[in-house]
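Notes to accompany the following structure.
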Amino acid sequence: MKDIQNLQDDRRISIRKVGVKTISYPVTVLDRQKNLQHTVATVDMYVNLPHRFKGTHMSRFCRDPEQVPRQI
């Protein structure tokens, strides 16, 4: 299958902001008493899309934060 996102785009149109909004992630935070509190973070993720690309891999936006530790 062709990887459309990585094909060169000859139209030379940049997009300043592409991404996904309102993604929920469970996180654990340390409160002032040094107790762990479990909560849910709601995040928006965006990138600039240079004119030379046709698209971006939006599914990676949701996957990549999963590699970040959940304890803050």
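The values are calculated or read from the model by the stated rules, or taken from the named source; none is laboratory data. Keep in mind it's a predicted model, so treat the numbers as computed, not measured. Cβ atoms come from the backbone with ideal geometry, glycine included; neighbour counts cover every protein chain shown.
Quick notes on this structure:
- Test set (1) surrounded by 11 or more Cβ atoms within 10 Å (Cβ to Cβ); (2) at pLDDT below 90 - Lys2 fails condition number: (1)
- A Cβ distance below 8 Å, combined with a sequence gap of six or more or placement on separate chains, defines the contacts here; from segment 7-34, residues that are without any contact (Cβ under 8 Å) to a residue 24 or more places away in the chain and more than 20 Å from Tyr46 (Cα to Cα) reach residues that are of a type outside the set (D, E, K, R) and surrounded by 10 or more Cβ atoms within 10 Å (Cβ to Cβ) in the pairs Asp31/Gln37.
- Segment 46-72, subset within 12 Å of the chain's Cα centre (by Cα) and basic (Lys, Arg), residue modelled with the highest pLDDT: Arg60
- Which numbered condition Lys21 fails, given (1) of a type outside the set (A, V, I, L, M, F, W, C); (2) in a strand (DSSP E or B); (3) modelled with pLDDT under 85: (3)
- Residues being assigned to a strand (DSSP E or B), surrounded by 11 or more Cβ atoms within 10 Å (Cβ to Cβ) and either of a type in the set (Lys, Arg) or in contact with a Pro (Cβ under 9 Å, 6 or more places away or on another chain) (or both) - total across segment 40-62: 3
- Residue under evaluation Asp31, criteria (1) at pLDDT below 85; (2) touching a strand residue (DSSP E or B) at 6+ places or on another chain (Cβ under 6 Å), criterion not met: (1)
- Filtered residues of segment 8-38 (kept if more than 17 Å from Arg60 (Cβ to Cβ) and either surrounded by 11 or more Cβ atoms within 10 Å (Cβ to Cβ) or among the hydrophobic types (A, V, I, L, M, F, W, C) (or both)): Asp9, Ile13, Ser14, Val27, Thr28, Val29, Leu30, Leu36, Gln37
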